[in-house]
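Novice: Take a look at the following structure, please.
Bear in mind that the values in this text are calculations on the coordinates, not laboratory data. What you see is a predicted model; the values in this text were computed from it and never measured. No Cβ is skipped: glycine too gets one built from the backbone with ideal geometry, and neighbour counts run over all protein chains shown.
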Amino acid sequence: MQNYQKYLDPKVLNKISHLELKARMIVEGFIWGLHKSPYHGYSVEFAEHREYSPGDDIKHLDWKVFGRTDRLYLKQYEQETNLSSYILVDTSESMKYKSGPVSKFEYATYIASSLSYLTLQQQDAVGMFCFDKDVVKVVPARTNQVHMKAIVSTLAEAGNVNKTNMESTLHSIAGMIKKRGMIILISDLFDNPERILAGLQHFRYNKNDVIVFHVMDEFETEFPFKDMTKFLGLEGYPDILADPRSLRKAYVAEVEDFVTTIRRGCLKQQIDYVQVTTNQLLDVVLTTYLAKRLGRR
């Protein structure tokens, strides 16, 4: 229960519950908003039951369950979900940085948990990959509500100790995902922008819908330091003692150039790019993005 309270804020869930996270393009034969399977006539693996809703096809009703419970449930199969989402969470060392109460990694886990919850509420499948320089944890895509326990447990156990190697890791994950769906990358993108975009291109080549949440600390974007400061190196970079006033202009310009390169690269590949900072209210970030996305469908 404690994990759920940390990762699933009721205020955030209440705000996003009336919104949807759907693919904007055809994914494995499914069109936005439809739950019709293109695999009729084929042998598919039974996944779980879900409660009957008015309008559902009654041919999939499980009468044995009805006899035991006096309630109507449908048999649901692995290939019958209209969307499989895969959330990619960066667990590298740079993600542990924080200037306030919440680190970049903690903020990323809140995004991941909230979007996982929303996806499961839609009766769609969600899976997760945690990564740094390699893939460190895989949670298979599932549709049942108890799957949230696996998501939350995985995030709670993740550490931030290794470097980032975005391109090779993204290529590895793209090769592991066999069914087209939605890819949600949550990272500080602490790597070469061209390599990041090359890795993302692999998902688009496989016809996945891709969203990037670029998580940064407000100190990383504003660089408010004034006195002589020792900056601690992360992911193999050395510590630096410097006067921040002499660095600020060049630093801010470099960050702006980096963000612009990533944003333009995503736009070119038809990837949604969402830049967020850890001091922003998560419910505002998610509701604003989801509403905007629904308006573009």
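Novice: Can you work out the FRET efficiency for the pair Arg248 and Gln280, with r the C-beta to C-beta distance and R0 = 25 Å, to the nearest 0.05?
Specialist: E between Arg248 and Gln280, to the nearest 0.05, is 0.70.
Novice: Roughly speaking, what is the stretch gain from Gln269 to Lys292, that is 0.36 nm per residue apart minus the C-alpha to C-alpha distance, in nm to one decimal?
Specialist: 6.4 nm
Novice: Just order 246-258, 281-293, 182-194, 160-172 by mean Cβ neighbour count inside 10 Å, highest at the front, would you?
Specialist: The most tightly packed comes first, giving 182-194, 160-172, 281-293, 246-258.
Novice: Please rank Tyr205, Tyr97, Tyr117, fewest neighbouring Cβ atoms within 10 Å first, as an exposure proxy.
Specialist: With the fewest neighbours first, Tyr205, Tyr97, Tyr117 line up as Tyr205, Tyr97, Tyr117.
Novice: Between Ser168 and Phe219, how many nm apart are label points set 7 Å from Cα along the C-beta direction?
Specialist: The answer from the label model is 3.1 nm.
Novice: I would also like to ask the following. Take the cross-link list Lys15/Lys292; Lys163/Lys268; Lys96/Lys149 and give me the ones stretching past 21 Å between alpha-carbons.
Specialist: Long pairs (Cα-Cα over 21 Å): Lys163/Lys268; Lys96/Lys149.
Novice: Same structure again: Can you put His60, His18 in order of Cβ neighbours within 10 angstrom, beginning with the fewest?
Specialist: His18, His60
Novice: While we're here: With r as the distance between the Cβ atoms of Val135 and Glu256 and R0 = 25 Å, compute the FRET efficiency 1/(1 + (r/R0)^6) and round to 0.05.
Specialist: According to the calculation, E is roughly 0.20.
Novice: Give the order of Phe223, Phe131, Phe66 when sorted by the count of other beta carbons within 10 angstrom, beginning with the fewest.
Specialist: Listed from fewest to most nearby Cβ atoms, that is Phe66, Phe223, Phe131.
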